[in-house]
Amino acid sequence: MRKAASAVMFVFLLLGFSASALVSVSVYVDVSVSQAKQMIDSNPDLVILDVRTQSEYDAGHIQNATLIPVSELGGRLGELDKNKEILVYCASGGRSATASQTLADNGFSKVYNMLGGITAWKSAGYWIEIIHKGDLIVNGTQTFAIENCTYIQTGNIYVLDQARLNVRNANLTLNQTYHDQYGIFIRQFGQLEMHNVEAISPKVFPISLQDLAEAEIETISTNGRLECAGNSSTQISDSLTYAALHIGDYAQVTLLNSTHLEPYIAFDFRRFTERSISISGLRSGFFEYWNTYENTSTQNIFNLTICNSYVGNWQCWFPSNVGRAEVVNCTLSCLALDFSEQEISVNNLKNGFYGFWNLGNIYVVNSSVTENWAFILWSVNATFSNCIVHLHLNGANKISVENSTVKTLILDSGNTTINFNETTLYGGLFFGNSNLYFSGGIVLEGVDFGRFVSSQVTRNYNLVATDTTGQTLENAELTLLDKNTKVIWNGITDSIGEANFNLTYTDSNYMDTLRLEASKGELSAAKDIAFLSDTPVTLVMNITVTADINNDGSVDIYDAILLANSFNSIPTSPNWNSKADLNSDNIVDIYDAIILANNYGKPTVSSQV
């Protein structure tokens, strides 16, 4: 360390001044860039003072430096704390020496002048911060480097023609206030190389490659949404991504030993005719490999293999020219699959996929999913067995669900047929611009309508009629009444006591409740039916209610009068008559009147089954 006061001290001693007189001399201390670096690292309270101009400051400064140009320093001394150590620098050391002396002359006792300035600092490879406002355009055959710095970009970055952008050992920040305000765009034959980079922004931004652009991305952490399209080529390794990854068109992408967190990875194969995708060691994404390759026997048919993978959140769109897909030893916590005329087979899916996956029809078995993910299906045949799934259906689908739980059912468009067998549906139903036919055995538990818009849903109700011992009843007469007691269907049970009927619901009647009645001889039963009723409907038929309200041995005008006197009453009403509630539904209504009318003139029946 060289002290600027040493020459002054020597002159003072020659003139006979005492050592005590030196206390009043205004001094500062010169330090090298390495000594300045040690001071910055060891003293968090150190004030770093840049005395250059604003444009010089933006072009590159020491992080956390305070800018006060030397020409303004005399009038802004009040902005600085005299009790703190102050490190002063400029471009090469001239202006900082002047500024240091100004501080010393004004009572600042802990002033350090960095020799060589920012030029020496950068030559030593030390970190700087750069502020760039406006679009950064790298074109022609230019190579632009961002290295050993924090680069704060307010505007887009374009790499065009045959230009190259190298970002190494850097923090690249896009200073934007809303999603996609700015982005990094590599076009034509542009090249992007990123090594050991943190590329972040307050909001998600695109890193977009198109045309014949190329990118090599290694050891980066980013919340940028990577978009690879056209004939671009991208290799990503040892990296951490927080936002979406989109792959489309003819892009070639390789992912190695990388981690993808959220919200999803999206692979769009719909427009591909040639592609190369390989993935290895992708944690919270893919692990091992994912290869697509051409089927030599059929033009434009590609196979897909995913092995030993854990996928946190991702989406895939497949076109009709995907021939075969296989998923082995994989786990997913959030998945959306979008297929078009494909055949998929999935076995033992645990929070995702495990087993195998073949295209043509979709088979999903022994699969349990607890996170929020969905099968998004377009015009496919699909079977789900022993599963927990969300279904999001579009187009003409034919679905079979057995021994499963459907957590959400969404129809966005098209004509779909679903057959349920021992399945529970709970959560939301969302129907929009759709036609649905569904049948089979299903329990609707806590289901409500999130949406029923411009749709028509035909539901097949299967039913079984039994007596109180469980014996099925053949030839039981069935009648279905609407809310106005109009008969809308009549039927009869078959040889095993079963029957079925269809009800069609639209926007205007999907909340209606209907009345299903059954009778055979002295036996009868009745049950309310609605869109959300469980199937199969079981009618346990009992001895016909006597309708002899006054217990005089016959059903006659006196019973009719008693029923009329308590009509529309409930148990809390002053005119309530429990004996007039012939169907025991806690209201005396038209259904009780129908029972009385059907038994009018008959003697009382007292025997029991």
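Condition first: within 22 Å of F438 (Cβ to Cβ), in contact with a Phe, Trp or Tyr (Cβ under 8 Å, 6 or more places away or on another chain), aliphatic (A, V, I, L, M) and at pLDDT below 95. Can you find one or more residues in segment 520-533 that meet it?
Scanning segment 520-533 turns up at least one residue that is within 22 Å of F438 (Cβ to Cβ), in contact with a Phe, Trp or Tyr (Cβ under 8 Å, 6 or more places away or on another chain), aliphatic (A, V, I, L, M) and at pLDDT below 95.
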Entirely in segment 174-226, the strands (runs of 3 or more DSSP E) that have 3 or more residues that are within 25 Å of the chain's Cα centre (by Cα): 191-200, 205-209, 214-222
Number of the exception - I130 against (1) touching a strand residue (DSSP E or B) at 6+ places or on another chain (Cβ under 9 Å); (2) of a type outside the set (G, A, S); (3) closer than 17 Å to S201 by Cβ; (4) surrounded by fewer than 16 Cβ atoms within 10 Å (Cβ to Cβ): (4)
Subset of segment 559-586 (residues that are outside any helix (DSSP H, G or I) and buried (at least 17 other Cβ atoms within 10 Å of the Cβ)): S566, S569, D581, L582, N583
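What number of residues within segment 408-419 satisfy the criterion of being without any contact (Cβ under 8 Å) to a residue 24 or more places away in the chain and crowded, with 19+ Cβ neighbours inside 10 Å?
Selection size over segment 408-419: 3.
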Search result, residues across segment 435-451 that are surrounded by fewer than 17 Cβ atoms within 10 Å (Cβ to Cβ), among the small types (G, A, S) and part of a strand (DSSP E or B): G441, G450
Which numbered condition L478 misses (of (1) assigned to a strand (DSSP E or B); (2) touching a helix residue (DSSP H, G or I) at 6+ places or on another chain (Cβ under 8 Å)): (2)
Any hit, segment 499-516, residues being surrounded by fewer than 15 Cβ atoms within 10 Å (Cβ to Cβ), without any contact (Cβ under 8 Å) to a residue 12 or more places away in the chain and outside the structural domain of N583 (by TED's automatic domain parsing): yes
Pairs where the first residue, in segment 553-571, is farther than 11 Å from L596 by Cβ and touching a residue at least 24 places away in the same chain (Cβ under 8 Å) and the second is of a type in the set (S, T, N, Q) and not in a helix (DSSP H, G or I), C-beta under 6 Å, 6+ apart: G553/T604
Within segment 143-167, considering residues that are within 31 Å of the chain's Cα centre (by Cα), assigned to a strand (DSSP E or B) and not polar (S, T, N, Q), the one surrounded by the most Cβ atoms within 10 Å (Cβ to Cβ): V159
Filtered residues of segment 581-591 (kept if within 12 Å of I549 (Cβ to Cβ) and either out of contact with any Phe, Trp or Tyr (no Cβ under 9 Å at 6 or more places or on another chain) or modelled with pLDDT of 90 or more (or both)): D581, V588
Any pair with Cβ under 8 angstrom, 6 or more apart, that starts in segment 450-463 at a residue that is in contact (Cβ under 8 Å) with a residue 24 or more places away in the chain and ends at one that is surrounded by 14 or more Cβ atoms within 10 Å (Cβ to Cβ) and of a type in the set (D, E, K, R): N462/E498; L463/E498
Qualifying positions in segment 99-109 - on the phi < 0 side of the Ramachandran plot and surrounded by fewer than 17 Cβ atoms within 10 Å (Cβ to Cβ): D105, N106, S109
Hits in segment 452-466 (condition: exposed (fewer than 14 other Cβ atoms within 10 Å of the Cβ) and in a strand (DSSP E or B)): V453
Extreme residue, modelled with the lowest pLDDT, among residues of segment 592-609 that are in a loop (DSSP other than H, G, I, E, B) and of a type in the set (V, I, T): V609
Hits in segment 54-97 - residues which are crowded, with 17+ Cβ neighbours inside 10 Å and among the hydroxyl-bearing types (S, T, Y): Y57, Y89, S96
Condition check for L212: within 23 Å of H246 (Cβ to Cβ), of a type in the set (A, V, I, L, M) and out of contact with any strand residue (DSSP E or B) (no Cβ under 7 Å at 6 or more places or on another chain): yes
Verdict on V389 being modelled with pLDDT under 90, over 26 Å from Y510 (Cα atoms) and not charged (D, E, K, R): no
The lone exception for N568 - which of (1) at pLDDT below 90; (2) on the phi > 0 side of the Ramachandran plot it fails: (1)
So G470, is it in a loop (DSSP other than H, G, I, E, B), in the same structural domain as E517 (by TED's automatic domain parsing) and farther than 18 Å from S533 by Cα: yes
Residue in segment 202-210 that is surrounded by 17 or more Cβ atoms within 10 Å (Cβ to Cβ), of a type in the set (D, E, K, R) and farther than 16 Å from L136 by Cα present: no
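The values are calculated or read from the model by the stated rules, or taken from the named source; none is laboratory data. As the structure is a computational prediction, the values presented were derived from the model and not from experiment. Note that we place each Cβ from the backbone using ideal geometry, even for glycine, and neighbour counts take in every protein chain shown.
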